[in-house]
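Read through the structure below, which is laid out as structure tokens, and then see the notes.
The values are calculated or read from the model by the stated rules, or taken from the named source; none is laboratory data. A quick note: this is a predicted structure, and the numbers were derived from the prediction, not measured. Note that we place each Cβ from the backbone using ideal geometry, even for glycine, and neighbour counts take in every protein chain shown. These accessible areas exclude ligands, DNA and RNA; they are computed on the full protein's heavy atoms, side chains included. Shrake-Rupley method; radii C 1.70, N 1.55, O 1.52, S 1.80 Å.
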Amino acid sequence: MIVDSFGRIHDYLRISLTDNCNFRCFYCMPEENYDFSPASRLLQKDEIIQLATLFVAEGVKKIRLTGGEPLVRKDAAEIIKALGMLPIELTLTTNGTRIQEMLPVLLSAGIKHINISLDTLQAEKFMMITRRDAFHQVKSNIELLLSQQMKVKVNVVLMKGLNDNEILDFIAWTKEIPVQVRFIEFMPFAGNHWTSNKVCSLQEILDIISPHHTIQPITASLHDTAKHYSIPGHKGSFAIISTMTAPFCSSCNRMRLTADGKLKNCLFSRTETDLLTALRAGEDVLSLIKASIQAKEKELGGQLNKNFEHLNAETIINRSMISIGG
Ligand code: SAM
Ligand code: SF4
């Protein structure tokens, strides 16, 4: 079992398959001098499976594949098939562009839940955010997944002045479409020009929705990062991930393995532990994993606090989101 010094059991691993992506979302990927890691510096397929197997033997019950865009990795299908053999819940977070090609693999690996990122319901704005013309592809892939009885959560990073005027449109979308829309408070990472006045908070989101709809809170499960709500008569639902204004660190069970084989014990951790080098040198990787989790800070990597209005993002020591694996 992997436990930290606050008694939190860590049984959920997020593995980034790549720091490469076919999108260029400005809030995720730094504009300046971003180089994708060469393949030789990434965890190889067998190394991913070896490490995942070790984590599972230590009690990990759920693995989420992420990135960068996990489905642009050339051997993604083989990795998914191999991880699908482990006794875990396997899932992934994707920008949704490659679902049509990967669907048979996802289904045969037993994947039942997928998170897809879609920050706007407007094709032109989508192009502006991602710098790619893929809005209709992503929308139709969401429908494709729903037609296969897959549970779909749609991640919407809200930024004031960009897409906060679409909150009610997303809610209207859930009337007929059985997706869970997850509004995510904009978070600061290296190179993403975060400022506190761009954060649309949990309370502000609820204040926009509540004059128009009856909002019913749904009890969350223990490790849930989202606060869930339903609206009577809607086939879908919505949730809010309030990392900035109401974090959920007290029940955190997450560990993150970056595409270059570093273990991060928190999304906002300053430090990381190099598992890949240790693995290649035949060293005791499990001790490194346990030490890393023991050293986990109580809240937000010890770098942020709920007073986000006064946060100077430049003082945070961390990677960009695309190179962590969100
Ligand atoms: N490429 C995949 C995708 O877009 O879903 C997976 C990787 S992406 C880094 C994972 C999630 O992180 C996405 O839902 C994305 O919107 C979210 N994300 C990226 N940067 C963020 C930020 N600065 N604040 C909040 N969420 C962010
Ligand atoms: Fe790529 Fe996902 Fe980051 Fe957008 S949010 S740049 S799709 S990794």
In the set Asn318, Asn265, the lone residue that is in contact (Cβ under 8 Å) with a residue 12 or more places away in the chain, under 21 Å from Ile2 (Cβ atoms), surrounded by 18 or more Cβ atoms within 10 Å (Cβ to Cβ) and of a type outside the set (A, V, I, L, M, F, W, C) is Asn265
Going through (1) at pLDDT 95 or above; (2) of a type outside the set (Asp, Glu); (3) open to solvent by 10 Å² or more (accessible area, probe 1.4 Å); (4) closer than 25 Å to Leu54 by Cβ one by one, Cys252 fails only at (1)
Practice problem: Report yes if some residue within region 136-157 is open to solvent by 40 Å² or more (accessible area, probe 1.4 Å), in a loop (DSSP other than H, G, I, E, B) and within 27 Å of Ile63 (Cβ to Cβ); otherwise report no. | Solution: yes
Worksheet item: Is one or more of the residues making up region 12-30 within 25 Å of Arg280 (Cα to Cα), of a type in the set (D, E, K, R) and within 16 Å of ligand 1 (Cβ to nearest atom)?
Response: yes
Of Arg8, Arg24, the only residue that is farther than 19 Å from Thr258 by Cβ and open to solvent by less than 30 Å² (accessible area, probe 1.4 Å) is Arg8
Pairs returned, first residue in region 65-81 that is modelled with pLDDT under 95, second residue that is open to solvent by 10 Å² or more (accessible area, probe 1.4 Å) and in a helix (DSSP H, G or I), beta-carbon separation under 8 angstrom, 6 or more apart or interchain, are Gly68/Ser323
Taking region 160-185 and the residues there that are surrounded by 20 or more Cβ atoms within 10 Å (Cβ to Cβ), among the hydrophobic types (A, V, I, L, M, F, W, C) and not in a helix (DSSP H, G or I), the one that is nearest to ligand 1 (Cβ to nearest atom) would be Ile184
Quick count over region 30-65, residues being closer than 19 Å to Asn115 by Cα and either open to solvent by 20 Å² or more (accessible area, probe 1.4 Å) or within 16 Å of ligand 2 (Cβ to nearest atom) (or both), is 4
Going through region 82-121 in order, the residues found to be open to solvent by 80 Å² or more (accessible area, probe 1.4 Å) and either within 15 Å of ligand 1 (Cβ to nearest atom) or assigned to a loop (DSSP other than H, G, I, E, B) (or both) are Met85, Pro87, Lys112
